[in-house]
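Right, one structure below, let's go through it.
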Amino acid sequence: MISIDLNLVWTVINIIVLYFLLRHFLIGPVTAVMDRRRKIIEEGFQNAQAAQTEADRLKQEYESSLLGAKQESVKLIEDARKNAKAEYDRIVTEAEEKADHMLESAKESVRMEREQTMKELKSQIAGLAAASAAKMLAGQAGQEADRDAYDRFLKEAGEEDDNADR
């Protein structure tokens, strides 16, 4: 049969005491350290997940604000182009109006000068005709006298015209 020896009992007691001591001083602290590390790692994963979610949210905000800024810049450029076109059209219209006004003014000035010149010429012709008529009546009669008077008239009219040109 099996005999229980006192050494066997002390060995079993030693193993049980060793088990409790190891459990209390070694396995317990190691398990606690492992549990703390597991919690730290889980918190790190949770923090990383929260940071990733926040980064995705900020990225969406950035992209939407960037899109809004692009649309705003396109609108500003389009408005600037419209304003520039309107200003260009206004300046061109104003310049055309000024040019038309200046042209009309010049035409009116030329017309008035032409009328003034015509009046002066009529006055000079009337004076020359009166002078030649007076010379003819003064005493010369005949065809040759008429020719001489006509030649003098043309000569005097030519001199008057040359004086008017200067």
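The values are calculated or read from the model by the stated rules, or taken from the named source; none is laboratory data. What you see is a predicted model, and the numbers here were worked out from it, not measured in a lab. Please note: Cβ atoms are built from the backbone with ideal geometry, for glycine as well, and neighbour counts cover all protein chains shown. These accessible areas exclude ligands, DNA and RNA; they are computed on the full protein's heavy atoms, side chains included. Shrake-Rupley method; radii C 1.70, N 1.55, O 1.52, S 1.80 Å.
Only helices enter the 222 nm calculation for the chain: every DSSP H run of n ≥ 4 contributes -39,500 (n - 2.57), and dividing by all residues gives -34000 deg cm²/dmol, rounded to 500. At a Cα cut-off below 24 Å, give the lysines reachable from Lys122, other chains included and same-chain residues fewer than 8 away excluded. Candidates past the 8-residue exclusion: Lys107, Lys135, Lys155. In the distance distribution for region 1-95, Cα-Cα pairs more than 24 Å apart total 70 percent. Taking the Cα centre of the chain as reference, the dipole from Cβ charges on Lys and Arg (+1) and Asp and Glu (-1) amounts to some 1820 debye. Here the dipole of region 3-84 is about 100 debye; that uses its Cα centre as origin and unit charges on the Cβ of Lys and Arg (positive) and Asp and Glu (negative). Among Asn14, Asn83, Asn47, the largest mean-square fluctuation in a Gaussian network model of the chain (Cα springs under 10 Å) belongs to Asn14. Here the chain is treated as an ellipsoid with the same Cα gyration tensor; its semi-axes, largest first and in whole Å, are 139, 12, 8. The distance between label points at Lys75 and Arg38 comes to 5.7 nm (points 7 Å beyond Cα on the Cα→Cβ vector).
Neighbours of Leu66, meaning other residues whose beta-carbon lies under 14 angstrom from its beta-carbon, give a summed charge of -1 when Lys and Arg score +1 and Asp and Glu score -1. Could you check the simple spin-label distance between Ala129 and Ala86, using points 7 Å along Cα→Cβ, in nm with one decimal? For Ala129 paired with Ala86, the spin-label model returns 6.4 nm.
Of the heavy-atom accessible surface of the chain (probe 1.4 angstrom), what whole percent is carbon and sulfur?
Working: 9050 of 14880 Å².
Solvent-exposed carbon and sulfur of the chain make up 61 percent of the total.
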